[in-house]
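Working notes for the structure below.
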Amino acid sequence: MNLSIGIVGLPNVGKSTLFNALLKQQVALAANYPFATIEPNVGMVPVPDARLARLAEVVHSDKVVPAIVEFVDIAGLVKGASSGAGLGNKFLAHIRETLAICHVLRGFTDADIIREGSVEPLADLETIRTELQLADLATLEKQAPPKGSVSPTDKKNWAVIEKLKKAVGEGKMAHTVLESEDEYAVAKQLSLLTAKPELFAVNVDEATLKLADQVQAEYAQKLSVSVSQVVVISAKVESELAALGDEDAALFLEELGVKESGLQRLIQAAYQTLGLQSFLTAGEKEVRAWTIRKGSTAVEAAGEIHTDFMKKFIRANIASYADFIEHDGWKGVKENGKLRTEGRDYVMQENDVVEFMIGS
């Protein structure tokens, strides 16, 4: 599964700076003027996962493949973007391809950075959401009711479209009124922007990072969202971390009084908001993390590796990560009774280390 996140916000709130830091390279133009990003920059970022190195030591593998998050840095949106202002139509189209939207909100106080269109975080968010709603409303109003002999499915889908049109027209985000997988499927088919789950990255000053928990709770309350959807981050600090090695970066974070980097916390928030988890495979050829939805079965997880595995699935040999490390790999967990054999309907758990048995 490809986890893709669109980074959006008003000009000069720190989107491109944050994007550059996440990729550890200057692939986006972080300039102090609006529309510095003319094309969306796409970067594949490995998910930090300390488990993989330990597994590689146990199975003596030289190849480690982490799970991947795709970040899309989308140029600064402005009021009127839904009708083309600031090249907005083009940029809104890029958001449609992502699984989630990360709103970058300006929480820093640097007077040298032009506050182009930005007023204060909540007003900024309202501007962006309004443009997304207007774009969706235009999409919904183009839909025509089914005619002639209407199937129960078409009738049901049209009822969902009318429900969404009413909600979005009232200034609501589509995801707040969707109640079932069938309704989500209709919204997905229409590529509705407001149906996507939202994350909120509050870009703060370095000193404010020490108050991250407090600021996170305050913003969650102001935004009326779950605390897990809010990440307090400093794009400036992330840029400095990107220039350091792992050991120096860890020391820098310790000096700041922060346990994890903004990247780690942002990815954790994305996984939680989207209901994702990972499972692990460990062999001599490679050690790898795979992203799946929570509640996925063993056969669905096998399909993430290769679609043919779903048809030819026999069973899954599974050990917990802790047992796999403690008993030194596959042979050890088997000898110590820690290896389980599960069928296709087994619900995958976080920290499962898996070997799929596939027929010919």
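Note on the chain: with a GNM built from Cα contacts shorter than 10 Å, the maximum mean-square fluctuation among VAL237, VAL258, VAL13 falls on VAL258. Gain on full extension, evaluated as 0.36 nm per residue between HIS60 and PHE252 minus their Cα-Cα distance, stands at 66.0 nm. Looking at the chain, the accessible area is 49 square angstrom per residue; that uses a 1.4 Å probe and ignores ligands, DNA and RNA. Here the ratio of the Cα radius of gyration of the stretch 289-348 to 2.2 N^0.38 Å is 1.18.
Computed about its Cα centre, the charge dipole of the chain is approximately 1380 debye, with only Lys, Arg, Asp and Glu carrying charge at their Cβ.
Once the Cα-Cα distance is subtracted from the 0.36 nm per residue extended length, the GLU240 to GLN221 segment shows a gain of 3.8 nm. In plain terms, the chain is cut at each of the trypsin sites (Lys or Arg not before Pro) found in a DSSP loop with at most 12 other Cβ atoms within 10 Å, and the longest leftover piece is 148-258. In whole percent, and with a 1.4 Å probe on the protein chains, what portion of the accessible area of the stretch 212-358 is carbon and sulfur? Within the stretch 212-358, the accessible surface is 46 percent carbon and sulfur.
The values are calculated or read from the model by the stated rules, or taken from the named source; none is laboratory data. Just so you know, these numbers come straight off a predicted model, no measurement behind them. A quick note on method: Cβ atoms are made from the backbone with ideal geometry, for glycine too, and the neighbour counts reach across all protein chains shown. Surface areas here come from the heavy atoms of the whole protein model, side chains and all, with no ligands, DNA or RNA. Shrake-Rupley method; radii C 1.70, N 1.55, O 1.52, S 1.80 Å.
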